[in-house]
Amino acid sequence: MKVCRRATFNAAHRLYRKDWSDEKNLSIFGKCSNPNFHGHNYTLEVWIEGEIDQETGYLIDLKIVKDLINEEVQERFDHRNLNLDCPEFANLNPTAENIAVVIWDLLRKRLDPKYGLSIKLWETQNNIIVYDGK
Ligand code: NI
């Protein structure tokens, strides 16, 4: 069985490689390589897999997941420039794929190992990443 907690955050980014010219960055990353950055409204779904606790009837108290997302994701990334404000992306291109891996790693460290974890990240309504550690 799986349960899900959903959250949103807004952040700016620029996709580029320092070792490529502006022209090459623009041809590979398009609008997402705008030198003055641009924003996305990200939606995150955090899916926890486990069994129903016979004492509480919960798989996990979703308040715990809500607080975890707030501490590890929203306080860290919401209303930030991912490239400039967030050390996680100082040397990592902030694509939705890389953001998903970073978020999964942060949550995994805080979650009891008895639970499975997968996340789904919407960069736009039509671009969606799923990551479960592989
Ligand atoms: Ni973008």
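Some notes on this structure:
- Members of segment 92-134 that are among the small types (G, A, S) and away from the ligand (no atom under 16 Å from the Cβ): G116, S118, G133
- Filtered by the rule that a residue be closer than 24 Å to L106 by Cβ, touching a Ser or Thr at 6+ places or on another chain (Cβ under 6 Å) and modelled with pLDDT under 95, segment 16-52 gives a lone residue, Y16.
- Unique match (being closer than 19 Å to T8 by Cα and of a type in the set (A, V, I, L, M, F, W, C)) among I60, I64, I52: I64
- The single condition among (1) more than 19 Å from C4 (Cβ to Cβ); (2) part of a helix (DSSP H, G or I); (3) not polar (S, T, N, Q) that I103 does not meet is (1).
- Annotation note: Cβ proximity below 9 Å between a residue of segment 112-134 that is under 18 Å from V101 (Cβ atoms) and among the aliphatic types (A, V, I, L, M) and a residue that is more than 13 Å from the ligand (Cβ to nearest atom) and part of a loop (DSSP other than H, G, I, E, B) (sequence gap 6+ or interchain) occurs for L117/L111; L117/D132; L117/G133; I119/D132.
Quick grid of which residues meet (1) within 16 Å of the ligand (Cβ to nearest atom); (2) under 15 Å from the mean Cα position of the chain (by Cα):
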site: C4; (1), (2): no, yes
site: F9; (1), (2): yes, yes
site: S27; (1), (2): yes, no
site: N36; (1), (2): yes, no
site: N41; (1), (2): yes, yes
site: I52; (1), (2): no, no
site: E55; (1), (2): no, no
site: Y58; (1), (2): no, no
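- The set of residues in segment 16-25 that are away from the ligand (no atom under 13 Å from the Cβ) and among the hydroxyl-bearing types (S, T, Y) contains only S21.
- Against the conditions (1) among the β-branched types (V, I, T); (2) within 22 Å of E97 (Cα to Cα); (3) in a helix (DSSP H, G or I); (4) within 20 Å of the chain's Cα centre (by Cα), I64 satisfies every one except (2).
- Subset of segment 7-40 [in a strand (DSSP E or B) and without any contact (Cβ under 8 Å) to a residue 40 or more places away in the chain]: T8, H38, G39
- Condition check for I69: under 24 Å from A11 (Cβ atoms), in contact with a Phe, Trp or Tyr (Cβ under 8 Å, 6 or more places away or on another chain), modelled with pLDDT of 95 or more and β-branched (V, I, T): no
- Residues of segment 77-95 that turn out to be assigned to a helix (DSSP H, G or I) and under 14 Å from A12 (Cβ atoms), as a count: 6
- Residues that are within 27 Å of C32 (Cβ to Cβ), part of a strand (DSSP E or B) and among the small types (G, A, S) within segment 106-134 comprise just one, S118.
- In segment 70-117, residue surrounded by the fewest Cβ atoms within 10 Å (Cβ to Cβ) [restricted to those that are of a type in the set (V, I, T) and closer than 28 Å to G50 by Cα]: V101
The values are calculated or read from the model by the stated rules, or taken from the named source; none is laboratory data. Because the structure is predicted, anything quoted here is derived from the model rather than measured. Heads up, the Cβs are rebuilt from the backbone with ideal geometry, glycines too, and the neighbour counts pull from every protein chain shown.
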